[in-house]
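Trainee: Below you'll find the structure I mean.
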Amino acid sequence: YKTLKGLGLDNFLIKINSRQILNSLPEYAGFPPEKLWDVLRIIDKKDKIGLEGVIQEIFIFLGNALIADKVGRFLLTSSSGVISADMIGDENAWADLVQILEDVNVGTNNLNIDLSLVRGLSYYTGTVFETILTDAPEIGSVAGGGRYDDLLAKFTGQKIPAVGVSFGVDRLFAAMEKLGALEKRQTLTQALILQLDASMKSDYLAMTQELRDAGINTALYLGDDTMLKAQLNYALKKEISYVVICGSREKEQNTVTIKNLQTREQEEISRNELINYFKKIFPSS
């Protein structure tokens, strides 16, 4: 919730379900428990084939129209969010979750109960959820996860309740680009150290590391062309704002030249002031 809000993606819907509720489906609909996973795989295709398609496939799989219709009735509650006690045995199954969301100031306007949500991994034992962006639903789920009580036992030997969530970074970027929420930048590099003298490689490496240690995003020019003009053109192409110029003359005088490629201004400073110079420009680094 807060991750999406922080990215400027305010219009989203968190679809939520419970594996415990899905596990009650065989008893409610009247089919053998060992066929549950096959039925769930069909239900998981609801977004692609629709509710009628799900009912038809379950009828073909189980050979029973009454059971298929009961599964369809079960799934219809997704549109209303109303879960009756005869389906899951507890009509207040979501009360605790809603209360927790309210306690942490996360409203339920972005929450929707969707009994067709399965999540394909079998290790989930409780709540499962997925998130879609309502302004770009064609992107698909951008985040999903759930509760798994037994998974960690395989690695720790202890049953530890846990909840995990993963984000689809590629989908998020695609959605942000589509919705105009992504600021395109060629690079995050704040300063580029030019290499103008092959005998000074250790000096260039030292400057690069010093600035990085100080929190300045710094890159070292690694191209083959040692000409100043070529390296400046590289920095311009990458939209790097500042370059550090240091040749044999500067080394002898213990100075460096900082060139601002946006204003075309440059300034020669003491080599010892290199970090402080960039700290003044990028105080939050």
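Trainee: Can you say whether A191 is in contact (Cβ under 8 Å) with a residue 60 or more places away in the chain and closer than 30 Å to A136 by Cα, as far as the supplied structure shows?
Mentor: no
Trainee: Among the listed residues K45, K5, identify the single one that is open to solvent by 60 Å² or more (accessible area, probe 1.4 Å) and more than 17 Å from D114 (Cβ to Cβ).
Mentor: K5 is the lone residue from the list that is open to solvent by 60 Å² or more (accessible area, probe 1.4 Å) and more than 17 Å from D114 (Cβ to Cβ).
Trainee: Select from the stretch 226-243 the residues that are within 20 Å of Q209 (Cα to Cα) and either assigned to a loop (DSSP other than H, G, I, E, B) or β-branched (V, I, T) (or both) and list them in ascending order.
Mentor: Within the stretch 226-243, I240, S241, V243 meet the criteria.
Trainee: Of all residues in the stretch 9-42 being of a type in the set (K, R) and assigned to a helix (DSSP H, G or I), which is least open to solvent (accessible area, probe 1.4 Å)?
Mentor: R19
Trainee: Only one of (1) under 22 Å from Y277 (Cα atoms); (2) surrounded by 15 or more Cβ atoms within 10 Å (Cβ to Cβ) is not met by Y234, so which one is it?
Mentor: Of (1) under 22 Å from Y277 (Cα atoms); (2) surrounded by 15 or more Cβ atoms within 10 Å (Cβ to Cβ), only one is false for Y234: (1).
Trainee: Right, here's the next one. I'd like to know if the stretch 51-72 contains one or more residues that are open to solvent by less than 80 Å² (accessible area, probe 1.4 Å), part of a helix (DSSP H, G or I), modelled with pLDDT under 90 and closer than 15 Å to S116 by Cα.
Mentor: no
Trainee: How about the stretch 107-159: which of its residues are assigned to a loop (DSSP other than H, G, I, E, B), in contact with a helix residue (DSSP H, G or I) (Cβ under 7 Å, 6 or more places away or on another chain) and open to solvent by 50 Å² or more (accessible area, probe 1.4 Å)?
Mentor: Within the stretch 107-159, K159 is the sole residue that qualifies.
Trainee: Also: Of (1) under 30 Å from G6 (Cβ atoms); (2) part of a loop (DSSP other than H, G, I, E, B), L211 satisfies all except one. Which?
Mentor: So L211 meets the others, but not (2).
Trainee: Checking E102 against (1) among the charged types (D, E, K, R); (2) more than 20 Å from the chain's Cα centre (by Cα); (3) modelled with pLDDT of 85 or more, which single condition isn't satisfied?
Mentor: (3)
Trainee: Now a separate question. Given the conditions (1) open to solvent by 80 Å² or more (accessible area, probe 1.4 Å); (2) within 35 Å of the chain's Cα centre (by Cα); (3) without any contact (Cβ under 8 Å) to a residue 24 or more places away in the chain, which single one is not true for E267?
Mentor: (2)
Trainee: Would you mind telling me which numbered condition in (1) out of contact with any Phe, Trp or Tyr (no Cβ under 8 Å at 6 or more places or on another chain); (2) of a type outside the set (F, W, Y); (3) over 21 Å from K48 (Cβ atoms); (4) open to solvent by 30 Å² or more (accessible area, probe 1.4 Å) D170 fails?
Mentor: (3)
Trainee: So which residues in the stretch 145-169 are touching a residue at least 60 places away in the same chain (Cβ under 8 Å) and of a type in the set (G, A, S), if there are any at all?
Mentor: G146, the sole residue that qualifies.
Trainee: Follow-up. Condition first: under 12 Å from L196 (Cα atoms) and either among the aromatic types (F, W, Y) or part of a strand (DSSP E or B) (or both). Now tell me which residues in the stretch 244-271 satisfy that.
Mentor: V244, I245
The values are calculated or read from the model by the stated rules, or taken from the named source; none is laboratory data. On a predicted model such as this, the values are computed, not experimentally measured, just so you know. A quick note on method: Cβ atoms are made from the backbone with ideal geometry, for glycine too, and the neighbour counts reach across all protein chains shown. For the accessible areas, the whole protein counts, side chains as well, though only heavy atoms, and no ligand, DNA or RNA atoms are used. Shrake-Rupley method; radii C 1.70, N 1.55, O 1.52, S 1.80 Å.
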